[in-house]
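Notes to accompany the following structure.
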Amino acid sequence: MLLNADIVFDNLPSDLNASMAGPKTMDLALQRPVLYTGKGPFEADRLYLLNSERIPPREHTERGCTIVCIGDSPLLERYRKRCCVISVARDADFYRTFNVLQRIFDEYDAWENNLRDIVERHDDIGKLLTASEQVFDNPLYVIDGDFMVLGTSSKAATLSSNPAAGSSDGRSLSLGAFDQFLEVHDLSMSEKEPLVLTLLDQTTLNFNLFEADVYAGCLTVHYAGRPYRPSDKPLIRILGKHVLESMQQLAAHAPEGIGSLRQALQALVEERPLDALERDVIDAANSGHRFVCLRLKLSNQLEQLPLGYVRNAIEGTFSDCVVFEYHHNSIVAIMDIDALGNDDYRESITKGIEPFTGSMEMNAGVSNPFDDLRAARYLFFQANHALDIGLLFDPGEGLYFFEDYALRQLVMNSVSDMRLELLFPEGLRKLIAHDKASPTSYIETLRTYLENNLSIAKTANELYVHRSTLMERLSRIKRELDLDFEDPDEQLRLRILLQAMQARDELRSAQDTKRS
């Protein structure tokens, strides 16, 4: 492996009392050391070892070479202007120093060969990072473009200040760790050069990984041990190349099952025809379990949040859950609620989704349960309607179950685009006119009476009025309506109209609250 002057200098033992001066390059181009005989030019990209007594007064020196000199001499000043000169203690043993230089190259050769072997064995990325801790003397971790932890070194897994600590390979960052990572990296994710970032008392060296100019993740050295050294930058490039190869292998050898099912379910939701393989995948996944469809939509404040992170986080929260992106601003999840381990699936979903609807201010709609994945499109409709209607009537709730809004959906569909007042019978108009001029609401009385299935006792109790008072009101209401209350069709008509009026009033109230 080729090195540079910084790497050589940084790895010299302290008892050599080394110092370095002169122009140098960060490129890894420096070859193994040779013993300078006292004659001939100093060639580019060569590392020479000599005693100060053998320094030629004037010799051709090419830029890019490095001279390691035992002892000092006034003649070195000329060479310090032309190349990098590392001076070591005058009493240093010549052959020991040569062996030290050789050992530095041996160690980096062994490191690079180890990285190559790990990639060829298709081992996980964590092994690449753990094998590199001896080089960087600090913890390392890799997070992909969807903010999934692809690997941590052995020290990084237990470092509390590391965003990836506690996240096993293949799992998304926690929400807190995600915020911490973005706080440090958000403005540098397009940077293609190794970048040192410092936030408060934490320093990291970060190398973004790209595939065809698309951000694929970030390799990070977290400086919890020794301080940052400039020689770390070219070394993180070497490690980054092997990490990217390992990531590509990981993608190429990913299991087909979940990906095929995701593709098939997404096709159903988007009303695309299934091919024979996709139909087989859907049929195989139909296990007799119950499923729900969930649509989770980003808030305006988080519209730049990578949907892949949310997708991975949802799949990490719920077992047996297939998640895919939908329309660039939301995700759709098809989850097996029988695998949640709780008879109350609503409670499990509410608890699992709370970090997203709470601190991240997302909104989610959930369908009714179903037992046939081929009905995914219809259940998506339910989840979508629950989300839309829930946001209209209860904008602060965050999580909306279709069964809670099914009646409102039915009422709104029954009214359709027709102006509501056009559906009122003349008698209902008279009741509304009465309520505008009276403190006693005939509409409320009628609604309560119908909701209590025409029970005088229950209605009087709920309205806190005497039975005789209620009887008198109902007599006037029936006279104004001029309808047969025993006719179920008339009852249904009134119920729908009253529900539609209530929904309209609630919607107006919610909109007024939002504007204020």
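The values are calculated or read from the model by the stated rules, or taken from the named source; none is laboratory data. Being a predicted model, the structure only gives us computed values, none of them experimental. Counting neighbours? That spans all protein chains shown, and the Cβs are built from the backbone with ideal geometry, glycine included. The area values use the complete protein model at the heavy-atom level, side chains included, leaving out ligands, DNA and RNA. Shrake-Rupley method; radii C 1.70, N 1.55, O 1.52, S 1.80 Å.
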**Study point:** Which listed residue, of Ile331, Ile353, is open to solvent by less than 70 Å² (accessible area, probe 1.4 Å) and out of contact with any Asp or Glu (no Cβ under 9 Å at 6 or more places or on another chain)
**Key:** Ile353
Exercise for review: Can you run down the residue pairs with Cβ atoms below 7 Å, 6 or more apart or on separate chains, where the first is in segment 75-98 and more than 24 Å from Met26 (Cβ to Cβ) and the partner is open to solvent by 20 Å² or more (accessible area, probe 1.4 Å) and among the aliphatic types (A, V, I, L, M)?
Suggested key: Phe98/Leu35
Review point. Here is a list of conditions, (1) part of a strand (DSSP E or B); (2) open to solvent by 10 Å² or more (accessible area, probe 1.4 Å), and Gly365 meets all of them except one; can you say which number that is?
Key: (2)
Check your understanding: Any idea which residue in segment 8-26 is surrounded by the fewest Cβ atoms within 10 Å (Cβ to Cβ), counting only those that are over 42 Å from the mean Cα position of the chain (by Cα) and hydroxyl-bearing (Ser, Thr, Tyr)?
Key -> Ser14
Practice item. Only residues that are open to solvent by less than 80 Å² (accessible area, probe 1.4 Å), closer than 22 Å to Ala89 by Cβ and either without any contact (Cβ under 8 Å) to a residue 40 or more places away in the chain or of a type in the set (Ser, Thr, Tyr) (or both): list them for segment 35-55, please. Key: Tyr36, Gly38, Tyr48, Leu50, Ser52, Ile55
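With the structure loaded, tell me whether Thr25 is closer than 19 Å to Ser231 by Cβ and modelled with pLDDT under 95 or whether it fails that test.
Values: closer than 19 Å to Ser231 by Cβ: yes; modelled with pLDDT under 95: yes.
Considered against the rule, which asks whether it is closer than 19 Å to Ser231 by Cβ and modelled with pLDDT under 95, Thr25 comes out as yes.
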Exercise for review: Look at Leu483 and say whether it is within 54 Å of the chain's Cα centre (by Cα) and either within 14 Å of Glu444 (Cβ to Cβ) or not in a helix (DSSP H, G or I) (or both).
Suggested key: no
Check your understanding: Mind checking which pairs have a first residue in segment 272-299 that is under 23 Å from Gly341 (Cβ atoms) and a second that is assigned to a loop (DSSP other than H, G, I, E, B) and of a type in the set (Ser, Thr, Tyr), Cβ under 6 Å, 6 or more apart or different chains?
Key -> Val292/Ser367; Cys293/Ser367
Point to revise | Count - residues of segment 305-341 that are under 13 Å from Met362 (Cβ atoms) and in a loop (DSSP other than H, G, I, E, B) | key: 2
